[in-house]
1. In this structure, is Ala5 surrounded by 14 or more Cβ atoms within 10 Å (Cβ to Cβ), in contact (Cβ under 8 Å) with a residue 24 or more places away in the chain, of a type in the set (Gly, Ala, Ser) and in a helix (DSSP H, G or I)?
2. All but one of (1) assigned to a strand (DSSP E or B); (2) within 9 Å of the chain's Cα centre (by Cα); (3) of a type in the set (Ser, Thr, Tyr); (4) surrounded by 13 or more Cβ atoms within 10 Å (Cβ to Cβ) hold for Tyr35; state the number of the condition that does not hold.
3. If a residue must be more than 9 Å from Leu52 (Cβ to Cβ), touching a residue at least 24 places away in the same chain (Cβ under 8 Å) and part of a helix (DSSP H, G or I), how many such residues does the range 10-27 contain?
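What follows draws every value from the coordinates through simple rules; no lab data is involved. Owing to the predicted nature of the structure, the values given are computational and were not obtained by experimental measurement. FYI the Cβ positions are ideal-geometry reconstructions off the backbone, even for glycines, and counts take in every protein chain you see.
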Amino acid sequence: MISLARQNGKKAVRLDTLASNIPAQHMYTKLGFLYRGKQTLYAENTGWTDFLYYEFVL
């Protein structure tokens, strides 16, 4: 995805993950993504859930 974004002139790649998904958080930071914030959202199947946002600046 990072290569594709670069090829298409994008400025960043952004993603989110569940706050409870610690392995994903470690992987994203290891790949160079920066933590950008947290938001609590409601989903029918999980109720109120915290999501963390990450960004990789190109």
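1. So Ala5 passes the test.
2. Every condition holds for Tyr35 apart from (4).
3. Of the residues in that region, 0 qualify.
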